[in-house]
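See below for the structure under consideration.
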Amino acid sequence: MLPIGECLIRREWQKYGMTDVIVPRIHQSGNTTIGVYLLDIFCLGVKDTMYMFNLEPHEYEDFLSTMFSDGDYDVVTYEEVHNIIYGAIEYAEELGFKPEKTFAITKYILEEDTEDIPLIEYEFGKDGKPFLITKSRFEYNKYFPTLEKNVGSGNFDFLILDEEEDDEYDDDDDDDDDWDFDDDDYWDRDFENSSLVSTEYDYHYPEYPQELSLTHPELYALFLPEYIYSLPKEKIGTILSLPHDSLINDLTHIILYETGNTIRYVEDGYPGERDFHSAIMHSLFILGELKAERSLDVVLETMRQNEGFNNVNFGDSTSMVLPLTLYYTGRNQLPKLMDYLKEPSLNPFFRFHVFDAVVIIARNEPERKDEIIQWFRDVLTLYIENAHDDKIFDSNLAGLLISSLIDLKAVELLPEILTLFNTNQVDLHCAGDYKEVEMSILSDESCLVEDKLLNIYERYEEYEKTWNYTDSSD
C-alpha cells in the first residue's frame, strides 16, 4: 500500500537488451523500500531480482550512485516498467524460461498484473527472433536445449561473449555499428582470455532397460504427477521400511529405465507431450537417505548425461538433488569420484557437483581435511596437465573448481591454483583472477555457504518450498 516513487531504468535498454529496473515504495518516514530487477528482454526475461527494505535517503542515494555510476538511467512511469517487466516474463515463458526464483518474493513490490495497469506494447527479442546472450559456452549449453525445443533450430540467434567468433551466429545483417557487447563497461569483466577450452559432449550410452519391472509396487507412486515436488511423509516412511537390498535394486532400475526414456525423448526432438514426473529425483533422494554406497555407480550414470537430460529431469534444481546424494553415496569412494572426472567428453555442469559433494565432506568431517586437500590437489594437477585437452578440461569448470576451493579456504592449494591460472585457460567469470582468489582464500571472512546434512524429509521440505509456489498472475 506504500506509494510508488520514481522508477528507474538503464538508458538505451532496448538497444542492449539487458537492463536493471528499480521500483521504489516510499514510506511515511521518507525512507524507501526498493525492488531491483535484472531483465533480459531479448530472451530470458527476469534473470535476477533483489529487494532492499526501509533505506534511509542517504542509503538510497548511495545505492543509486553505485548501481548507475555514470548517471546512465532514465526516470520512467510505473506503468512503463510494469509492462516491460511482465512483457519480458511473458516473452521468456513462451520460449520456455520462467522468472528467476527470487521473483516469487520481489513481485510483491510491484502492482498485481491486472487490467488496472494500462497496456503498453514493447518489442521483445531482437529483429523478430529470440537473441540469447551468454558469457560462456557453459552458460549457453544450459539454455540451448530449451530454445531448440520451443522455437526450433535456426529460429534464434545467439552470442557467446568469451569466444572470439562463432560460426553459428551470423551478424552480417546487423547494421548497428554500436552493437558491441565486448565493451568492458557493459559486462564489467576483462575478456582477454578469449581462447578458452569448452568440453564438447560425446558420451556413448550403454543399453538402458526398456521395460519397467519392480519388486515393490509401492514405488510406482514415484511416477505420479501429483508428487512432482514432494512425497507425502507416510509414503516416504512406507518406502524406507521396505527391505533395503531389493529397494535399492528397484530404485536403480527406475533411474536407468527413465534415463533411457529421457534420452530417446531428447534425441527425437521432444515430440509431443511427455508424462511429467520426478521419478529420478525421488529415487536419488531415497538412495541418499539409505546411504547406499553401492548406488554411487547409478548416481554417476545420471551425471554422464547431456544438458537435455538435465532440463527434463532436474531443470535448475540439480544443486538441490545431486551434491547431497553424492555425499551420502560417495563420501567413502573418492577414487571413484576422481575416475569420473577423468572420463572423456562429459557435461561439465554435472562434473561440478562432485566438487560440491567433496566440500560437504570437508565441512562435516573435519578429521578428513588432509585427505580432502590431497584429493583436490590431484584434481588441480589433472587439470594443469590437461589444460588444452577439451575431453577432460573445461575452462568454466576450472573456474568453478577454484570457486569451491575459495569456499573451502584451501590455503594449502594456492601454489597449484596459481599454476592453473598460469595456463591462461581459467574462465575468470567464475571466481575472478588469481589475485582476487588469493585474497578471498586468505581473508578472515567466513564462507556464507552452508552444507547441512539434511534428512530426506528436510530435503523435500526445502525442495517444495523453493519450487512449488503459485504465481498470483496464473
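The values are calculated or read from the model by the stated rules, or taken from the named source; none is laboratory data. All figures in this text were calculated on a predicted structure; none of them were measured in a lab. Here the Cβ is made from the backbone with ideal geometry for all residues, glycine too, and neighbour counts use every protein chain on show. Accessible surface areas use protein heavy atoms only, side chains included; no ligands, DNA or RNA. Shrake-Rupley method; radii C 1.70, N 1.55, O 1.52, S 1.80 Å.
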Q) Taking the Cα centre of the chain as the origin, how large is its charge dipole in debye, to the nearest 20, when only Lys and Arg (+1) and Asp and Glu (-1) carry charge on their Cβ atoms? A) 2980 debye
Q.
Taking every alpha carbon pair in region 16-102, what does the distance histogram look like in 10 angstrom bins from 0, in percent?
A. 17, 45, 30, 8, 0
Q.
Under the 0.36 nm per residue contour assumption, what length would be gained going from the current alpha-carbon distance of Glu111 and Glu59 to full extension?
A. 16.3 nm
Q) Counting only protein heavy atoms and using a 1.4 Å probe, what share of the accessible area of region 1-61 belongs to carbon plus sulfur, as a whole percent? A) 54 percent
(Q) For a quick check: with amide H placed at 1.01 Å from N, whose amide H comes under 5 Å from Gly125's, ignoring anything fewer than 5 positions away on the same chain? (A) Phe42, Cys43
**Q.** From phi via Karplus (6.51, -1.76, 1.60), per-residue ³J(HN,Hα) for region 377-383 in Hz, x at Gly/Pro
**A.** 4, 5, 5, 4, 4, 4, 6
Q) By a straight-distance test (C-alpha under 16 Å), which lysines pair with Lys135 as possible cross-link partners, with residues fewer than eight away in the same chain excluded? A) Lys47
Q. Per-residue HN-Hα couplings for region 141-152, Karplus 6.51 cos²θ - 1.76 cosθ + 1.60 at θ = phi - 60°, whole Hz, x for Gly and Pro?
A. 4, 5, 9, 4, x, 5, 5, 4, 5, 8, 10, x
Q: Would you grab the residues whose amide H sits under 5 Å from the one on Leu159? Only those 5+ places off in sequence or on another chain, please, with H modelled 1.01 Å from N.
A: Leu132, Ile133, Thr134
Q | Residue-by-residue Karplus 3J(HN,Hα) for region 220-231, coefficients 6.51, -1.76, 1.60, Hz, glycine and proline x | A | 5, 4, 5, 8, 6, x, 5, 10, 5, 9, 6, 10
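Taking only the C-alpha atoms, wrap a convex hull around region 332-400 and report its volume per residue in Å³ as a whole number.
77 Å³
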Q) How much space per residue, in cubic angstrom, does the convex hull of the C-alpha atoms of region 229-287 take up? A) 77 Å³
Q: Starting from the Cα coordinates of the chain, work out the convex hull volume and express it per residue in Å³.
A: 173 Å³
Q.
For a quick check: with amide H placed at 1.01 Å from N, whose amide H comes under 5 Å from Val46's, ignoring anything fewer than 5 positions away on the same chain?
A. Asp40, Glu100
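Sorted by average packing, counted as other Cβ atoms within 10 angstrom per residue and highest first, what order do 112-119, 28-35 take?
With the highest mean Cβ count within 10 Å placed first, the list reads 28-35, 112-119.
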(Q) Counting each pair of different Cα atoms once, what's the Kirkwood radius of region 265-387 in Å, rounded to one decimal? (A) 15.4 Å
